[in-house]
Every structure is written in C-alpha cells, then in structure tokens.
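Shown next, in structure tokens, is the structure this report addresses.
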Amino acid sequence: MGNSMLHVFRNTPLGRENLMQSAYFCKKTDDLRLEVYIPQRPQFTLDLGGDLFAVQLDTSYTRFPKTAETHVAEVMKSAPCSFGFVGPHKHDVGTMPHLPGEWAVMACPRVVSEQSSRIGLGHLGPKVRGLVKSATFPVFIPALAYKEWNSVTAFFGGSDLGALAVKVALAFSKKANVPVSLHTQLDGITRDKCETSLASAGILDDVKGKDISWRLYDTGELAENLYDVPHDSLVVVGAAGYNVITELVFGSTLEVIQSTLPNPLVVVGPRCKTPWEK
C-alpha cells in the first residue's frame, strides 16, 4: 500500500475527470499503483497512524453502483499504470467500512461531503481540510478538469512544514523526471532564514542544485506573483500551522494559492511523510 495512490471513485463525469488525473499522476511518477475504492456506503474510516479518520461522502459517490466498476475499467484501458480495486479489510455487520491508511498519496477532490456543485476555486470542504490535518501522506487535489503537468512548483516560506512540502516536491519531480522550482514570498522572512530552515531539513544542497530554480519575491502581493507559476505545473504547498487552541488552520498562503491557481495541487499536512522515504 505504501507505493500506491488511493482514489475514491465518484461515478459521475466529474469523477471520471478526477480518476483520469489520478491515473496520470501514477503514470507520471513511474511506479505508483492506483488503488480504486468504489464505496457502497457514504461513510468509511481510514487508519491514519493508529487514529481512525471518519470520511463522510455525499450521496453522489454511491449512485449508479452497477456501472461504477465498468466505468473505472474503461478509463484505465488507456492509462498505462497498474491499478486494482481496494475494499475494506474490516467490515463487520453494523460498522463502517474500514480502509488501510498506508498510502504514498491519496487523491481527494475539493469537496467529498458536499454536493459537487460546490466544487470551485476558493472552496475546500471541511472533510478535505480534516483529512489534510490527519493524513500521514500527501493529499492530491485534482484540477477541475483533466490537466497534464510537466514540472513541479513548491511554495516555501521558511517554516518546517514548508520545508517538508519542498521535500515532497523534490520526491515527485525526481520520480517524474521533471524540473522543480521553489517560490518564496519574502514577507517577514529573509533568504538567510529560509536557507537555515532548508539546511535543518537536510535539503539545502538539493535546492541549490543547478537544475532547481528558486524565485524569491520581495515586491508585489502573492496573488499577483502567482501569475509566474506555469499553467502545466503540479503545485505543492504546506497546509500552514496551528492557531492558539492548537488546531490546524490553513495559512493565508495556501488559501490564496488554492483560490487562485487552477493547477493540480498537493497539500502537505503536519503528519505527512515523504513518499518513498525509508
């Protein structure tokens, strides 16, 4: 499971777009296997490092069950990556289906517990935010329509979680054999402090490599500078930090990015492990 992507299939045209992007992601990163879960019930749990995380789906996920597996197979015919169907490993009568939680990546649309009409730039549902908070893997949020990517862009603002996001971006770019760039908005932070953080994370030498572009902005607003992100880039960003009552909150950087960029997005939470890291 640790070398696989989990995808919960929604048997709708939008669900097809999301599945196509997950299949492309697995193909692009060379050796990820796509594991597709077709829910029979609108709830299931994930075992995330010993903690059970309850997922509540909207009813569109359980509609048209007779054609769901056929539709998945049709999409995967043209996707040159290995795939299979995953089911609950514990499903006692009267309990929610229970899935393992050891994944390299999990695909998740912008909303799962609300109707798909709510999906749009600037809206990430509460269950998606909760998943990012608890997940031990990066969460892949597909673009609104199928979109290929030919580079990886990581956002880094000097924090430990930002450095972890850079690690994840480096791992994806290496597997996909595509260039990676860093974008830093110098708002209350200096390049020296950023380099100290990267050095502490053990990746400063990687970032200073000749094949990596690091763009630092000391003028303009973040939203304006996002125009420099290539349209065909996979964007990787850390979720942010904690508020005064120690709950994970999405920082202003992520909120601006997810409400502005139409790119496919990977969000890294505080419990996330770098894919393929031993």
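Just so it is clear, none of the values below were taken in a lab; they were calculated from the coordinates. These numbers come from a predicted model, not from an experiment. In this analysis, Cβ positions are derived from the backbone assuming ideal geometry, glycine residues included, and neighbour counts consider all displayed protein chains.
Structure above, values below:
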quantity	calculated
Förster radius 22 Å - calculated FRET efficiency between D31 and D205 (Cβ-Cβ, nearest 0.05)	0.30
Beta bridge orientation in the stretch 151-268: antiparallel %, DSSP, nearest 5	15
CD proxy at 222 nm, helix term only [per DSSP H run n ≥ 4: -39500 (n - 2.57); per residue of the chain; nearest 500]	-8500 deg cm²/dmol
E148-T12 FRET efficiency (beta carbon distance; Förster radius 25 Å; 0.05 resolution)	0.70
Ranked V152, V229, V236, criterion: other C-beta atoms within 10 Å, fewest first	V229, V152, V236
Options T260, V86, L48, ranked by Cα towards positive dipole end of the chain, top entry (Cβ charges)	V86
FRET efficiency for E195 and K77, using Cβ-Cβ distance with R0 set to 51 Å, rounded to 0.05	0.60
Normalised contact order of the stretch 151-268, rounded percent, pairs of Cα under 8 Å and 6 or more residues apart	31
Longest exposed-site-free window of the chain, the sites being GluC sites (Glu not before Pro) in a DSSP loop that have at most 14 other C-beta atoms within 10 Å	1-147
Most mobile of P13, P100, P39 in a GNM of the chain (Cα contacts under 10 Å)	P13
Loop trypsin sites (Lys or Arg not before Pro), the stretch 1-92 (other Cβ atoms within 10 Å of the site Cβ: 14 or fewer; DSSP)	R63
Cα-based shape type of the stretch 151-268, given that a ≥ b ≥ c are square roots of the gyration tensor eigenvalues and the cut on a/c is 1.5	rounded
Unpartnered cysteines - no second Cys beta carbon under 4.7 Å - across the chain	C108, C194, C272
Over 31 Å between alpha carbons, listed pairs K28/K127; K127/K208; K147/K174; K27/K167; K27/K193; K28/K193	K127/K208; K27/K193; K28/K193
Along the chain, longest interval not containing exposed chymotrypsin sites (Phe, Trp or Tyr not before Pro), exposed being DSSP loop plus at most 15 other Cβ atoms within 10 Å	1-145
Alpha carbon convex hull of the chain, volume per residue in cubic angstrom	130
